[in-house]
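The values are calculated or read from the model by the stated rules, or taken from the named source; none is laboratory data. Just so it is clear, the model here is predicted, and its values are computed rather than measured. Note that we place each Cβ from the backbone using ideal geometry, even for glycine, and neighbour counts take in every protein chain shown. With ligands, DNA and RNA removed, areas are computed over all heavy atoms of the protein, side chains included. Shrake-Rupley method; radii C 1.70, N 1.55, O 1.52, S 1.80 Å.
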Amino acid sequence: MFSGPQSYVFISRERMTKIRARILVVDDDSQIRRVMRTTLEAQGYEVEEAGSGERALDLLGASKHDLILLDINLPGKTGIETCREIRTTANVPIIMLTVREASSDKIEALDAGAQDYVTKPFTMGEMLARIRSVLRRSASPSQPHISRLQLDDVEINFEARRVIVSGKQVRLTAKEFDLLLYLATNANRTISHRELLREVWGAEHLDERKYLRVFINRLRKKIETTPHDPKFLMTEPFIGYRLQTPQ
């Protein structure tokens, strides 16, 4: 049972503004799209539909959306390919819909730039909770922002979302950047697994430490000279991780 319209997102911590969030539902199953549209519109959201990745990209080029629900198994251009292409031009939040439970598939979705994922079959209550969570995280200001960070020969520009290592640009995924930004904002402080998962992935993922471990290892391979013996991305056994900056 729904408790009423939930079309509120937080623009600041001091003030709440009612917004009719616009959601793009991308799924090749017309029945799923119809159910999603009916439910979401009943909750106060504005909804557009696309049956393919190609159509979704056309709609995104023509108008602005606040959130995308994107099926991973699309005909033609897959959901992963569509997500990656969206990320080349836009930072709109994406929730990936998948029928597979494999960790590798979920990591691939996050790696492609999705903010979250939901495994089919799902309840609409779960989906609505994920939507509210992602909209809140994308619209609410985070901790005090750090724009640049220098770690020996590693130069990180968070505003441009660019990393230069020994003079060469290194590509980070959207989620890798989000994780690195949170660590940098709290530099030299050990951050628990649960805090990192809550702040970067959302409260729905507090027990999924394996994803955090995978992303930390990927970051180490990209910014550490010796990833197996890190100088900056430190592990505190059984507690969490710390970004150690040069003193």
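Let's see how each residue does on (1) assigned to a helix (DSSP H, G or I); (2) free of Cβ contacts under 8 Å to residues at least 60 places away in the same chain; (3) of a type in the set (A, V, I, L, M, F, W, C):
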{"residue": "Glu41", "(1), (2), (3)": "yes, yes, no"}
{"residue": "Glu54", "(1), (2), (3)": "yes, yes, no"}
{"residue": "Ile68", "(1), (2), (3)": "no, yes, yes"}
{"residue": "Asn73", "(1), (2), (3)": "no, yes, no"}
{"residue": "Cys83", "(1), (2), (3)": "yes, yes, yes"}
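Starting from residues that are open to solvent by 10 Å² or more (accessible area, probe 1.4 Å) and touching a His at 6+ places or on another chain (Cβ under 9 Å), keep the ones in the stretch 180-206 and report whichever is modelled with the lowest pLDDT.
Applying the filter and picking the extreme gives Leu206.
Do the conditions hold for Ala160, that is, is it open to solvent by 30 Å² or more (accessible area, probe 1.4 Å) and closer than 30 Å to Thr226 by Cβ? Quick ask: steps written out before the conclusion?
On the way: open to solvent by 30 Å² or more (accessible area, probe 1.4 Å): yes; closer than 30 Å to Thr226 by Cβ: yes.
In short, yes.
Condition (residue is surrounded by fewer than 14 Cβ atoms within 10 Å (Cβ to Cβ) and of a type outside the set (D, E, K, R)) applied to the stretch 82-90: is it met by at least one residue?
Yes - at least one qualifying residue is present in the stretch 82-90.
Please work out which residue is modelled with the lowest pLDDT, limiting yourself to the stretch 99-152 and to residues that are over 22 Å from Leu233 (Cβ atoms) and β-branched (Val, Ile, Thr).
Checked the stretch 99-152; the qualifying residue modelled with the lowest pLDDT is Val99.
Out of all the residues in the stretch 91-107, which are open to solvent by 40 Å² or more (accessible area, probe 1.4 Å) and either without any contact (Cβ under 8 Å) to a residue 12 or more places away in the chain or over 24 Å from Arg34 (Cα atoms) (or both)?
The answer is Asn91, Glu101, Ala102, Ser103, Ser104.
Conditions tested, residue by residue: (1) within 19 Å of Arg136 (Cα to Cα); (2) of a type outside the set (Lys, Arg); (3) modelled with pLDDT of 50 or more; (4) open to solvent by less than 70 Å² (accessible area, probe 1.4 Å).
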position: Met1; (1), (2), (3), (4): no, yes, no, no
position: Pro5; (1), (2), (3), (4): yes, yes, no, no
position: Val9; (1), (2), (3), (4): yes, yes, no, yes
position: Met16; (1), (2), (3), (4): yes, yes, no, no
position: Arg22; (1), (2), (3), (4): yes, no, yes, yes
position: Asp29; (1), (2), (3), (4): no, yes, yes, yes
position: Arg34; (1), (2), (3), (4): no, no, yes, no
position: Thr39; (1), (2), (3), (4): no, yes, yes, yes
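Against the definition (among the acidic types (Asp, Glu) and either touching a Pro at 6+ places or on another chain (Cβ under 8 Å) or within 13 Å of Ala174 (Cβ to Cβ) (or both)), how does Asp116 come out, yes or no?
yes
Suppose the filter is surrounded by 13 or more Cβ atoms within 10 Å (Cβ to Cβ), part of a loop (DSSP other than H, G, I, E, B), over 16 Å from the mean Cα position of the chain (by Cα) and touching a residue at least 40 places away in the same chain (Cβ under 8 Å); does Lys231 pass it?
When the stated conditions are applied, Lys231 passes them.
Specify which of the listed residues (Leu110, Leu128, Leu70) is under 16 Å from Tyr211 (Cβ atoms) and open to solvent by less than 40 Å² (accessible area, probe 1.4 Å). First the steps, then the outcome.
Working: Leu128 fails: under 16 Å from Tyr211 (Cβ atoms); Leu70 fails: under 16 Å from Tyr211 (Cβ atoms).
Matching residue, one of Leu110, Leu128, Leu70: Leu110.
Which condition from (1) in contact (Cβ under 8 Å) with a residue 12 or more places away in the chain; (2) not in a loop (DSSP other than H, G, I, E, B); (3) not polar (S, T, N, Q) is the one that Asp58 breaks?
So the condition that Asp58 fails would be (1).
Taking into account only those residues within the stretch 85-98 that are assigned to a helix (DSSP H, G or I) and either modelled with pLDDT of 90 or more or of a type in the set (Val, Ile, Thr) (or both), which is farthest from Asp66 (Cα to Cα)?
Start the filter on the stretch 85-98 by keeping residues that are assigned to a helix (DSSP H, G or I), which leaves 85-87.
Narrowing the set further to residues that are either modelled with pLDDT of 90 or more or of a type in the set (Val, Ile, Thr) (or both) leaves 85-86.
On the way: Glu85: 17, Ile86: 13 Å.
Filtering first and then ranking leaves Glu85.
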